[in-house]
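Asks: Pasting a structure below so you can have a look.
Just so it is clear, none of the values below were taken in a lab; they were calculated from the coordinates. Values in this document were obtained by computation on a predicted structure and should not be read as measured data. Glycine gets a Cβ as well: all are built from the backbone with ideal geometry, and neighbour counts include every protein chain shown.
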Amino acid sequence: MKYLILSDIHGSLQTLQRALAFYADQSCDMLCILGDILNYGPRNGLPEDLNPQGIAETLNRMADQIVAIRGNCDSEVDQMLLQFPILADYTLLVDEGKKLFLTHGHIYNKVNMPKGKIDAVFTGHTHLWELEPMGGTTYCNTGSITFPKGGNPPTLAVYEHGKIAVYTLDGALLKSATL
């Protein structure tokens, strides 16, 4: 399977639509959303195109292709709009024998890694993309498609056949790693 992994949409329908165009262009099979889907959060500004209802409608049309987890800005009220579960703090995907731990990053992160043998940990939360080996695990922060920080462009990641690649929302490859 080919996974598009992204985080921190924060209510921006326009950036979600750009990410979904990338999803289609890359012929991905599954969209993995690492939280902070509908709400912009008190520390962020308002996105120019804040449209949580539009995001819910768009994502609900592809609910059977989505795995999502809860970010620190997601709530039970958000879950009422979405037709796929979002309230778990993490999920573990196993693909071709590789264990992929998906989480937002406010509980499990680079400093508080999950226990056990995990091949890759994917987070968001900080809005700073990163792809680095950490012991026997590869750590990938997908950054944010709406509010990137540190002068970074909007970013997301693709996982397929043991390879992680971080891209800009415009499709430029920033870095890749093989598990």
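Asks: What are the equivalent ellipsoid semi-axes of the stretch 20-84, built from the alpha-carbon gyration tensor (square roots of five times its eigenvalues), in whole angstrom, biggest first?
Replies: Listed largest to smallest, the semi-axes of the stretch 20-84 are 20, 14, 11 Å.
Asks: Another question, if that's okay. Got a sec to turn the phi values of the stretch 142-157 into Karplus ³J(HN,Hα) couplings, 6.51 cos²θ - 1.76 cosθ + 1.60 with θ = phi - 60°, whole Hz, x for Gly and Pro?
Replies: Each residue's phi maps through the Karplus curve to give 6, x, 9, 7, 10, 10, x, 10, x, x, 7, x, x, 9, 7, 10 Hz.
Asks: If I stretch the segment between Lys117 and Ala172 completely, what's the gain in nm (0.36 nm per residue apart, minus their alpha carbon distance), one decimal?
Replies: Contour length minus the Cα-Cα distance gives 16.7 nm.
Asks: Here is a follow-up. Run the numbers on the chain and let me know its relative contact order in percent, using alpha-carbon pairs under 8 Å that are six or more apart.
Replies: Over the chain, the number comes to 22 percent.
Asks: Which number comes out as Rg/Rh for the stretch 36-140 once both Rg and the Kirkwood Rh are worked out on C-alpha atoms?
Replies: Over the Cα atoms of the stretch 36-140, Rg/Rh equals 0.99.
Asks: Also, I was wondering about something else. Taking Cα centroids, how far is the stretch 120-147 from the stretch 48-83 in Å?
Replies: When both Cα centres are located, 21 Å separates them.
Asks: Bin width 10 Å, alpha-carbon pairs only: give the P(r) of the chain as whole percents, running from 0 to the bin holding the largest distance.
Replies: For the chain, the binned pair fractions read 10, 44, 37, 9, 0 percent.
Asks: Right, something else. What full-extension length gain, to one decimal in nm, is calculated for Ser75 and Glu130 as 0.36 nm per residue of separation minus the Cα-Cα distance?
Replies: 17.2 nm
Asks: If you don't mind, there's one more thing I want to ask. Calculate one ³J(HN,Hα) per residue across the stretch 88-104 by plugging θ = phi - 60° into the Karplus curve 6.51 cos²θ - 1.76 cosθ + 1.60, and present them in order as whole Hz with x for glycine and proline.
Replies: 3J(HN,Hα) across the stretch 88-104, in whole Hz: 7, 6, 7, 9, 10, 9, 10, 10, 6, x, 8, 8, 10, 9, 9, 8, 6.
Asks: In whole Hz, with x marking every Gly and Pro, tabulate ³J(HN,Hα) for the stretch 18-26 from phi via Karplus 6.51 cos²θ - 1.76 cosθ + 1.60, θ = phi - 60°.
Replies: 5, 5, 6, 5, 4, 3, 5, 4, 7
Asks: Right, something else. In nanometres, what is the gap between the two model label sites at Asp49 and Lys163, each 7 Å from Cα along Cα-to-Cβ?
Replies: Output for this residue pair reads 3.0 nm.
Asks: Mind checking which of Ala120, Ala88, Ala56 has the largest fluctuation in a GNM of the chain, springs on alpha carbons under 10 Å?
Replies: Largest GNM mean-square fluctuation: Ala88.
Asks: If you don't mind, there's one more thing I want to ask. Are there trypsin sites (Lys or Arg not before Pro) in the stretch 1-109 that DSSP marks as loop and that have at most 13 other Cβ atoms within 10 Å, and which are they?
Replies: Arg43, Arg61
Asks: Which one, Ile145, Leu81, Ile118, projects farthest toward the positive side of the charge dipole computed for the stretch 79-179 from Cβ point charges (K/R +1, D/E -1)?
Replies: About the Cα centre, the residue reaching furthest to the positive side is Ile118.
Asks: Further question: Under the 0.36 nm per residue contour assumption, what length would be gained going from the current alpha-carbon distance of Arg61 and Ser27 to full extension?
Replies: 10.5 nm
Asks: A further question follows. Taking loop as defined by DSSP and a crowding limit of 15 other beta carbons within 10 Å, which chymotrypsin sites (Phe, Trp or Tyr not before Pro) in the stretch 112-141 fit?
Replies: none
Asks: Now for a different question. Using only DSSP helix segments of four residues or longer, with each worth -39500 (n - 2.57), what per-residue ellipticity at 222 nm results for the chain after dividing by its residue count and rounding to 500?
Replies: -4500 deg cm²/dmol
Asks: Taking loop as defined by DSSP and a crowding limit of 15 other beta carbons within 10 Å, which GluC sites (Glu not before Pro) in the stretch 53-148 fit?
Replies: For GluC sites (Glu not before Pro) across the stretch 53-148 that sit outside H, G, I, E and B with at most 15 neighbouring Cβ atoms in 10 Å, the list reads Glu96.
Asks: What does DSSP give for the chain in terms of the percent of beta bridges that are antiparallel, rounded to the nearest 5?
Replies: 65 percent
Asks: Quick one: which residues, 5 or more positions from Asp95 or on another chain, have an amide H under 5 Å from its amide H? H modelled 1.01 Å from N in the peptide plane, none for Pro or chain starts.
Replies: Hits under the 5 Å cutoff: Leu100.
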